[in-house]
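Input: a single structure, listed below in structure tokens.
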Amino acid sequence: MTAQVRNVFLIGRTLLYEAWRRREVYAIVLITSIIVGALRFVHFFDIPELSKFYREIALKVMNVTTAATVILLAARQLPREFANRTIYPLLAKPVSRLEFLVGKFLGVVMAGVFCYALFMAVFVTVNATLQVPVEKSLFLQSVYLQILQLSVVASLVFLLSMVLNTDAAITLAAILYLFSQTFMNLTSYLYDYVDRVGQWFLVALMYAVPQITLFDASAKAVHSVNRGETIWHAMPAWVLYALTGYAAAYSCLFLAGAYLLFRRRPL
Amino acid sequence: MDQENVIDIRGLVVDYRTGRSATRAVNGATFSVARGECVGFIGPNGAGKSSTIKAMMGFLFPTKGEVRIFGEPAGAVESKLRIGYLPEVTLYYPFLKGTELLELYGGLHRVPRSRLRERIPTLLEEVGLGDGAGERLIRTYSKGMQQRLGIAQALIAEPECLIFDELSSGLDPVGRHDLRKVLLDLKAKGATIFFSSHELYEVEALCDRVIAIHRGEILFDKSLDSLLGDASDAGLENHFMSLIRRRDEGGTP
């Protein structure tokens, strides 16, 4: 392991320890799990579709809660380092500012994955007791895509936190995350009603803002099996490769932007 | 630049910009610290001590001038490998244990894990954090304990040069005594020590040389013996105060 990779890992691991030991993550998971766990008893009129609908909602709630946790964690990293002055002893060690930033990013993603893993453990347990079949490969793919989404969201928040204060970074990231689908639909709709310059602007906007909803396959996973018949199969490998590349490109782009702003910032 | 100099600062100017205006924190500071020297950096609040030290660590970038540590530009990884740095009072990661924090900083300083296992208990004992304090979460530490932990993290890699910003802030008299003992041991072993402090008696007890800064400019750079000779019966504090007053009135110290 090179010194640079080791530094990134050590900084990331510190953040994971913090997430592990803070009670907030457990509280979020516990409260959400109680709500979601109640779905175990949703079997009105023995209509399986109703149960599926609730499970779809449950997965959405878990995805949004995990993303919110990642947004809050990422947005607070740098301000907290400055407020507690821990950035000074850390950067006084043989650590570059790039390693510091990537280490923090890795830590936030690992903490997000940790939170999501707790959620998935609850979901899989509840689902197993319901004995409602899902296409396992598709479900695992949806979990993988969610992790990719977390990395895009975390890198975006790091970039925003370089130019905005904590509250503004959290608010803007939450808006971009929550209204990603609406934003995508709206730009597609507006495209036909604007002039050529407007169309260029909308296309530029579509590329500038990552399409978060591309990483959400939870509904497909929940509805993958209907009356014993698989209606949504696992995605082909090329789709996963393309989405991995898409997530990596945006994460790298946002982190590079954050690094450019952080590289010469007086501390 | 002299190869024997560990710290070399030439014409350092540091400006803080807020919008279109700029405040000058350091104005043309020039000094050097030779290998094995123990130098105290004194000055009133807002004199430019922390800004100078931050420029030495690469935390901020000089508006003008040059800062070299071990012949490398300030902030270079190669020079940071040989430095132990203690910032002003820091609140370390509350959800780490004392030993974990030292493992983190030691790891970042490329100290082998086997060496860390040996060194951490001894170091904690040395800075007065024995009796299992290292196994507690840092959030249960007092301010003084956090400062002791800060001293331990600065010493974890047995660096050739120590740079301390506000040496004993947050420490009680016992802590100050322990720290002085640790630093005198390191000085005897040949370490280069540079620290800023408000406490003149601390400077008197530890230093070979004293550099004073006032309003961003170097007020004097003298050996301790020469400074004590100048101060004679007036005492170091009174002498320092008279030099500051003379500079404020437009004279030369």
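Coordinate-derived values only; no laboratory data. Quick caveat: nothing in here was measured; it's all calculated off a predicted structure. When we count neighbours, we look across all protein chains shown, and the Cβ atoms used for this are built from the backbone with ideal geometry, even at glycine.
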Scanning region B:131-144 residue by residue, those assigned to a helix (DSSP H, G or I) and free of Cβ contacts under 8 Å to residues at least 24 places away in the same chain turn out to be B:Thr140
Name the residues in region A:223-239 that are among the aromatic types (Phe, Trp, Tyr) and either in contact with a Ser or Thr (Cβ under 7 Å, 6 or more places away or on another chain) or within 11 Å of A:Leu138 (Cα to Cα) (or both), would you?
-> A:Trp232
May I ask you to list the residues in region B:101-118 that are farther than 17 Å from B:Leu81 by Cα and within 22 Å of the chain's Cα centre (by Cα)?
-> B:Leu101
Could you list all residues from region A:224-245 that are part of a helix (DSSP H, G or I) and in contact with a helix residue (DSSP H, G or I) (Cβ under 7 Å, 6 or more places away or on another chain)?
-> A:Leu240, A:Leu243, A:Thr244
Among the candidates B:Gly190, B:Gly150, B:Gly128, residue that is out of contact with any helix residue (DSSP H, G or I) (no Cβ under 6 Å at 6 or more places or on another chain) and outside any helix (DSSP H, G or I) = B:Gly190
Given the conditions (1) farther than 21 Å from B:Gly175 by Cα; (2) more than 8 Å from every other protein chain (Cβ to nearest Cβ); (3) buried (at least 17 other Cβ atoms within 10 Å of the Cβ); (4) acidic (Asp, Glu), every one holds for B:Glu126 apart from (1)
Report yes if B:Gly43 is touching a residue at least 24 places away in the same chain (Cβ under 8 Å) and either touching a Cys at 6+ places or on another chain (Cβ under 7 Å) or of a type outside the set (Lys, Arg) (or both), otherwise no.
-> yes
Checking A:Phe114, A:Phe139 in turn, the sole residue that is assigned to a helix (DSSP H, G or I), touching a residue at least 60 places away in the same chain (Cβ under 8 Å) and buried (at least 20 other Cβ atoms within 10 Å of the Cβ) turns out to be A:Phe139
Do we have any residue at all in region B:89-105 that's without any contact (Cβ under 8 Å) to a residue 12 or more places away in the chain and buried (at least 22 other Cβ atoms within 10 Å of the Cβ)?
-> yes
Residue check, A:Leu202 under 22 Å from the mean Cα position of the chain (by Cα), of a type outside the set (D, E, K, R) and either within 28 Å of A:Val61 (Cα to Cα) or surrounded by 12 or more Cβ atoms within 10 Å (Cβ to Cβ) (or both) | no
Could you look through region A:82-97, keep only residues that are of a type in the set (Lys, Arg) and at the interface with chain B (Cβ under 7 Å from one of its Cβ atoms), and pick out the one that is surrounded by the fewest Cβ atoms within 10 Å (Cβ to Cβ)?
-> A:Arg85
B:Glu217: passes all of (1) in contact (Cβ under 8 Å) with a residue 12 or more places away in the chain; (2) farther than 17 Å from B:Val39 by Cβ; (3) more than 21 Å from the chain's Cα centre (by Cα) but (3)
B:Arg110 meets each of (1) surrounded by 19 or more Cβ atoms within 10 Å (Cβ to Cβ); (2) assigned to a loop (DSSP other than H, G, I, E, B) with one exception, condition (1)
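Only one residue in B:Thr122, B:Thr99 is in a helix (DSSP H, G or I), touching a helix residue (DSSP H, G or I) at 6+ places or on another chain (Cβ under 8 Å) and among the β-branched types (Val, Ile, Thr), so which one is that?
Residue meeting the stated conditions: B:Thr99.
Take the conditions within 14 Å of another protein chain (Cβ to nearest Cβ), touching a residue at least 24 places away in the same chain (Cβ under 8 Å) and assigned to a loop (DSSP other than H, G, I, E, B) and apply them to B:Ser196. Does it pass?
no
Go through B:Gly40, B:Gly36 for me and flag whichever is in a loop (DSSP other than H, G, I, E, B), of a type in the set (Gly, Ala, Ser) and closer than 27 Å to B:Lys189 by Cβ.
B:Gly36
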Quick check: anything in region B:13-27 touching a strand residue (DSSP E or B) at 6+ places or on another chain (Cβ under 7 Å) and part of a loop (DSSP other than H, G, I, E, B)?
-> no
Of the numbered conditions (1) within 11 Å of another protein chain (Cβ to nearest Cβ); (2) part of a strand (DSSP E or B); (3) under 23 Å from B:Leu227 (Cα atoms), B:Ile53 satisfies every one except a single condition; which is it?
-> (2)
Is at least one residue of region B:62-71 surrounded by fewer than 16 Cβ atoms within 10 Å (Cβ to Cβ), more than 9 Å from chain A (Cβ to nearest Cβ) and β-branched (Val, Ile, Thr)?
-> no
